[in-house]
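The values are calculated or read from the model by the stated rules, or taken from the named source; none is laboratory data. Bear in mind that the values here come from a model prediction, so they are computed numbers and not experimental data. Here the Cβ is made from the backbone with ideal geometry for all residues, glycine too, and neighbour counts use every protein chain on show.
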Amino acid sequence: MKIQNYHYLNQEIDVSEQFATIGNVHYNAQKLEGFDPATGVGQLRYARFERKGRMGFNMYSTPFEPTQSWAFPPAYPDDPAYPFSVSLVGENVVRVRTTCRSGDLLENRDAQSLMLDGAPETLPLAPVEADDAHAFYRTTKLEVEVRYDPFHVILRDAHGKELTKTLHASDSKCLQNYNPMPFSYVRSSDDMRKYPAVSLESHPGEHYYGCGESFTKLDKSGQKLILWTKDANGVETRDVYKPVPFFMSSRGYGVFYHTTCPMTLDFACDYAQAQTAFMGDEGIDLFLIVGTPKEILGSYTELTGKSPVPPLWSFGLWMSRITYKSEEEAREVARELKAHRIPCDVIHLDTGWFEEDWLCNYKFSPSRFDDPKQMIADLNKEGYRVCLWQIPYFTPKNEFFPELVAKGLAVKDADGNLPTDDAVLDLSNPETVKWYQEKLGGLFELGVSAIKADFGEAAPVTGVYASGASGFTEHNLYPLRYNKAVYDATMKYRGEGVIWGRSAWAGSQRYPLHWGGDCENNDMGMLSSLRGGLSFGASGFSYWSHDVGGFVRESTEELYNRWTFMGIFTSHMRCHGQPPKEPWAFSQEFCDSFRHMVELRYRLMPYIMAQSVRCSQQGLPLLRAMFIECPDDETCAALEDQYFFGDDILVAPLFEAGDSRRVYLPAGTWVELGTGKVYEGEHWYTVQTSVYPGLAFVRAGAVLPMAEPVLTTDDLDWSTVKNVLFTDGKATVHGWAYCPDTRAVEPIAPDAPTVSCGDVNW
């Protein structure tokens, strides 16, 4: 929430405000000139407008009015023209580029971009029709029409159905209305910066998904989102730790804005006909992707990169709290885990492993850790990896503060000073990255397995970075640089890639994994966490986690129990937050329930690994919103309290106290996990819980490879994996098997030996 007439550090930048500011000059796109259909290149002509006050029948409005400039010298064109291009990137991707400045500002963007996973290869343009009015292109997956006057880019599917189009000022039929905002840009009277608006047509019943880890309603229709990385301080706000300039529409297309500048996305919020991206970037680089949600995610992650599969142990339980402060506490947690027979793979030490809490100096406290290297080695022998918290900000009290300032490794302002009281690592500087990775390297050499890349959302917007860019461009990019630096260091020193990151931007999925931030310990905190995870998955990220039980306060036993069930059906599972978080600190009944659920997760580890490989190959999330799996089922369009875990498990957690809930089962036949009860799909049911404090259903015919219960993933005996069949006696048998030696998957043969789910002791 923005407080009126008050600006604070790292306040989000709402670019749409520039378009509502009296005194700013508007330039609405009018027509294409000199367009060559064979190359897709031309000039986009704009017309000059200003908002003019209009009084009528006791109402004041500010509609657009054509104007002429009153400039000195009279050398600035009223109706400028700038470069424009359209190209095909694969059979189902259209790329549209233009600028608001003279010259081709996008020429070198691909080579310099950290968001893209290599420069996209373009297909040759072959217009199937072109004349003085338009150019028409077709592939096996889409059709795109470029109309010259008035200017439109029209996107259609392979059957000719219009999916969306750019909006021209003439598309508004309302008398004296200044909405919808047309494809345009505005020139700020403050600093002469130009801000484009990409306005696309919205249709009745259209749903929108994605934009990163957004905690608001999963369906973004009717919402206005500000893409600005920010410490959300919870999961029940519209602030976002991990914004991503990508979304999908239920009409069968996705949109990716190739930019790091602040953006505001209006999904038919201010005007029902338009979904508009207000951008801080003076160049527009827009990818339109056609297909099903799975096809769109596959193509989007071909552009920005797919998530590699993290190591097996990372899929086990991470036990943590804020915070374990001593070697004895860490060893005690390991002893208690064994004593209570609770499977676990990672013990995480949060902010208190330094001599002074939160004061990151990459050194274990000498007064509380006698021999950290030996401690880590001993924990490793027991099957436990160690993860450590750290932060890229250094307070003046930190011993590295003078060095970072003196060597120019921290972000500076325009005067060469620090823009804030802290020294913030300038990760656009290769020397800073080298310094930082060497510090992490010292921890890895002690035996540490993973680093928690906390924070990263507050790169100073007033900073001047070693890249030569300002904070306006670098702020949203900082998490990507941060994720990469930690991931690369982990790969260098450990030979396997995994981080535990809070902030992200488009492309960060190449450096898994991320968790959902500081969630409240209540029902809404639990649901909002899931919203964020589903939205994140719909933004190209295969892996995501959350703080099981909630972070902010001590978890109630009842809430923790329900939340644990959701945790076992998340790509990664960590218990973290205010103490106590250890299950043995609660009742024996809770501890037994916790163990029972985590054992199920470890038994499902062969399924989880097989599905993870497939998700990484296809660019799909392991935690999957219903609409991704069932795009033609309108009931699934807005469902946000149930989801798919991989291809075949439908999960319905309990989001309030009780022992039953309503659940929707889509087309097909479904077998309840734990009871074997069979349900017909395309129906709502009120189902009573029985074996677990939540509900899960398996697609009929699915084979889930399952292992024997173990205490760590190191103990998994892959030779004893059994194929558990969930069947209604009619559905086709299907499933995937994971090979730990090759980390590959293969289909389970229909005649492979199976065990009936009814014979499993759940």
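Some points to look at:
- Of the listed requirements (1) farther than 25 Å from Thr260 by Cβ; (2) crowded, with 17+ Cβ neighbours inside 10 Å; (3) small (Gly, Ala, Ser), Ala133 misses just one: (2).
- Residue-level check: of (1) of a type in the set (Asp, Glu); (2) under 24 Å from Thr490 (Cβ atoms); (3) in a loop (DSSP other than H, G, I, E, B), Asp415 misses just (2).
- Counting only strands (runs of 3 or more DSSP E) wholly contained in segment 1-102, the ones carrying 3 or more residues that are within 25 Å of Phe267 (Cβ to Cβ) occupy 25-36, 41-51, 93-99.
- When Asp110 is tested against (1) among the charged types (D, E, K, R); (2) at pLDDT 90 or above; (3) more than 17 Å from Val290 (Cα to Cα), only condition (2) is not met.
- Scanning segment 703-719 for residues that are part of a strand (DSSP E or B) and touching a Gly at 6+ places or on another chain (Cβ under 9 Å) returns Val703, Leu704, Pro705.
- Residues within segment 100-144 that are within 29 Å of the chain's Cα centre (by Cα), hydroxyl-bearing (Ser, Thr, Tyr) and over 26 Å from Arg156 (Cβ atoms), tallied: 1
- Condition met for Asp171 (acidic (Asp, Glu) and under 28 Å from the mean Cα position of the chain (by Cα)): no
- Matching residues, segment 319-331, being more than 11 Å from Glu582 (Cα to Cα) and either of a type outside the set (Gly, Ala, Ser) or outside any helix (DSSP H, G or I) (or both): Ile322, Thr323, Tyr324, Lys325, Ser326, Glu327, Glu328, Glu329, Arg331
- Per the listing Met263, Met279, the residue uniquely in contact (Cβ under 8 Å) with a residue 12 or more places away in the chain, in contact with a Leu (Cβ under 6 Å, 6 or more places away or on another chain) and assigned by TED's automatic domain parsing to the domain that holds Asp117 is Met263.
- Meets criteria (over 23 Å from Leu513 (Cα atoms), small (Gly, Ala, Ser) and either surrounded by 23 or more Cβ atoms within 10 Å (Cβ to Cβ) or out of contact with any Cys (no Cβ under 6 Å at 6 or more places or on another chain) (or both)) for Ala406: yes
- Residue pairs meeting the criteria (Cβ under 8 Å; at least 6 apart or on separate chains; first surrounded by 13 or more Cβ atoms within 10 Å (Cβ to Cβ), in segment 108-127; second in a loop (DSSP other than H, G, I, E, B) and among the aromatic types (Phe, Trp, Tyr)): Met115/Trp505
- Any pair with Cβ under 9 angstrom, 6 or more apart, that starts in segment 491-510 at a residue that is in contact (Cβ under 8 Å) with a residue 60 or more places away in the chain and farther than 27 Å from Thr259 by Cα and ends at one that is outside any helix (DSSP H, G or I) and of a type outside the set (Val, Ile, Thr): Glu496/Pro310; Glu496/Pro311; Glu496/Ser449
- Within segment 720-739, the residues that satisfy the criterion of being of a type outside the set (Val, Ile, Thr) and either loosely packed, with under 14 Cβ neighbours inside 10 Å or assigned to a strand (DSSP E or B) (or both) are Lys722, Asn723, Leu725, Gly729, Lys730, His734, Trp736, Ala737, Tyr738, Cys739.
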